[in-house]
Every structure is written in C-alpha cells, then in structure tokens.
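Report on the structure given below.
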Amino acid sequence: MLIRVGSRGSRLALTQAELAASRLRGPGVEIALVPITTAGDRDRTRPFGEIGARGVFVKELEEALLDGRIDVAVHSAKDMTSTDTAGLAVGAYLEREDPRDALCGTDGLRPGLRIGTASIRRRAQLLALEPTLSIEPLRGNIDTRLRKRGERGLDAIVLAACGLDRLRLGDEIGHRFDSTEMVPEAGQGALALQVRTDDQQLVTTADHAETRRRVEAERACVAALGGGCLAPVAAHHDGDRLTALVAAEDGSWIERRTGDDPRELAAALTRFVSA
C-alpha cells in the first residue's frame, strides 16, 4: 500500500513529514512525500491577517486531501484552525515535543531590546513582560528568520522551541519561556496527521493519546473563544490543568484563566475578546 503524505516544502516541514512517515512505515506500507506550497509560503512579507483567515499554512494541504491528491497531511498543530474542516479529521497526533516559545539572540528580556516576531500572541505577551521592548514584524522560515536577525540588527527573535530542536538548532536558544511566562499557541509542539474522515485507520497507530487529550482541549478552548493566530489568544494544557489567555495587542492588559473545562474557561474570557 502506498500512502501519499503531503507537507509544506520548507526544511522544517519536510523534517516533520519524515518524522510522521517514520511512524507510518511498516511491512507492506510505502510512503511518498508530496511537497505542497501554501498561501503562507507564497507571501512571506504581508502580515497573516492581510493574506487571509487563520489557516494560511494548511488550506492547500486540506484541498489536496479533499481532492484525493494526497492521503495524509502533516501539519504543525498550532497552524491548524481550531475546528475541523468538513470531511477531514485529525487521525493522529504525534507525541508532543517542547511546546515553549524560545528567545534567540539573548538569554533574557531587558529594557529597550529590539525583538522580531510576526505573532501578535507573542507580541502581546512580550510587551506585558517588558513594555519598553521594540517589537518588529519578522516572517519567513526558521533559517530565514535567524539570518534576518543579523541582517536587520535585531537583538533577538522568538520562535517555537520545537522547530529549532527538530532542526538541531537548539544552540540558537538563549532562553525558553516557561508556559507561565508566555502561554504557547494551542497545539504548539505537536504534529497533527490530518486525513479524510473515512481514512482515519491509515494513521491511528501513530496517535499519542495524551497529546491528543491536551491539544484537543486547547483547540476546543480557542474555538469557543473564536480566536486563533490572528488574535492575542492562547491556550496550553500542562497535563494537569488548562490555561487560557486573551490580551491586548500592545500588552497593556492580559487576562488568564486556569481550569479543567475548555468551554468554561472560554466563557470566562469571552467578554474581554469582544470588548
């Protein structure tokens, strides 16, 4: 049996696709990797909100699944929409790696630093931690952002620690933010294997139950809030409790709630999102 595995074409995405493929290979199973370019890959300059709705790194992969051009799509779970697309399902989550955000270029925040990030979730929390920071937009794949840090004279950039670890670039990290300092994006650190709803058996053996429990709670919370990567909203389950966050883009206020029920947490925070 041949399983066609779709992925974005960046070095990190293909590394992650190979991680997924290694979980799916077995007697009588062959894997073909199929690189696909997404809207987020084609336009690397404009802010995400100007390109389209949340999901700019997944839409084309989902279309390839629905069209039957691939059998499995490998996503960074944090890039996915908080609700499943009709006809598709996450058939497996690989075991989660480090979900934290990483500061590259310095070992901590100090007044007046220039820091690059395209994420308004990170921007809001960075400014809440140190209001004198200068936060500058920075897009591109990991290698590009690391290079641009030097070219633009930035003091630091913030990236997902798991991506750096997967590319064996952990030495670039000066500080890993504890999730109590900076609440990660829902799903950060996990890889999601998306399939057509009738094909979930293709990937079920790769599913990590504890990762699914945590990530599904995070996604449910963000879905109930109606937010995502286009709003300063975050959710992270540490294994014991779920923490959700909403914030002003300029970091002037942040609201956190911790509990067990994603919908109850979302309900407690909704008034701040709509304010």
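Observations on the structure shown:
- Some residue of segment 134-142 being in a loop (DSSP other than H, G, I, E, B), closer than 26 Å to residue 18 by Cβ and among the hydrophobic types (A, V, I, L, M, F, W, C): no
- Test: residue 203 is crowded, with 16+ Cβ neighbours inside 10 Å, over 14 Å from the mean Cα position of the chain (by Cα) and free of Cβ contacts under 8 Å to residues at least 40 places away in the same chain: no
- Unmet requirement for residue 125, which otherwise passes all of (1) of a type outside the set (A, V, I, L, M, F, W, C); (2) open to solvent by 10 Å² or more (accessible area, probe 1.4 Å); (3) outside any loop (DSSP other than H, G, I, E, B): (2)
- Hits in segment 86-107 (condition: assigned to a loop (DSSP other than H, G, I, E, B) and touching a Leu at 6+ places or on another chain (Cβ under 8 Å)): 87, 94, 105, 106
- As a summary of the residue check, residue 232 satisfies the conditions (1) modelled with pLDDT under 95; (2) out of contact with any Asp or Glu (no Cβ under 8 Å at 6 or more places or on another chain) except for the one numbered (2).
- Selection from segment 220-265 of residues that are in a helix (DSSP H, G or I) and surrounded by fewer than 24 Cβ atoms within 10 Å (Cβ to Cβ): 220, 223, 224, 262, 263, 264
- If the condition is being open to solvent by 50 Å² or more (accessible area, probe 1.4 Å) and either among the polar types (S, T, N, Q) or in a helix (DSSP H, G or I) (or both), then segment 146-164 contributes 147, 148, 149, 150, 151.
- So residue 211, is it farther than 18 Å from residue 76 by Cβ and outside any loop (DSSP other than H, G, I, E, B): no
- Filter result (in a helix (DSSP H, G or I) and either touching a Cys at 6+ places or on another chain (Cβ under 7 Å) or surrounded by 16 or more Cβ atoms within 10 Å (Cβ to Cβ) (or both)) within segment 166-198: 166, 172
- Qualifying residues in segment 25-47 (those that are under 18 Å from residue 7 (Cα atoms) and in contact with a strand residue (DSSP E or B) (Cβ under 8 Å, 6 or more places away or on another chain)) - the one modelled with the lowest pLDDT: 25
The values are calculated or read from the model by the stated rules, or taken from the named source; none is laboratory data. Quick caveat: nothing in here was measured; it's all calculated off a predicted structure. Please note: Cβ atoms are built from the backbone with ideal geometry, for glycine as well, and neighbour counts cover all protein chains shown. Ligands, DNA and RNA are excluded from the accessible area calculation, which covers all protein heavy atoms including side chains. Shrake-Rupley method; radii C 1.70, N 1.55, O 1.52, S 1.80 Å.
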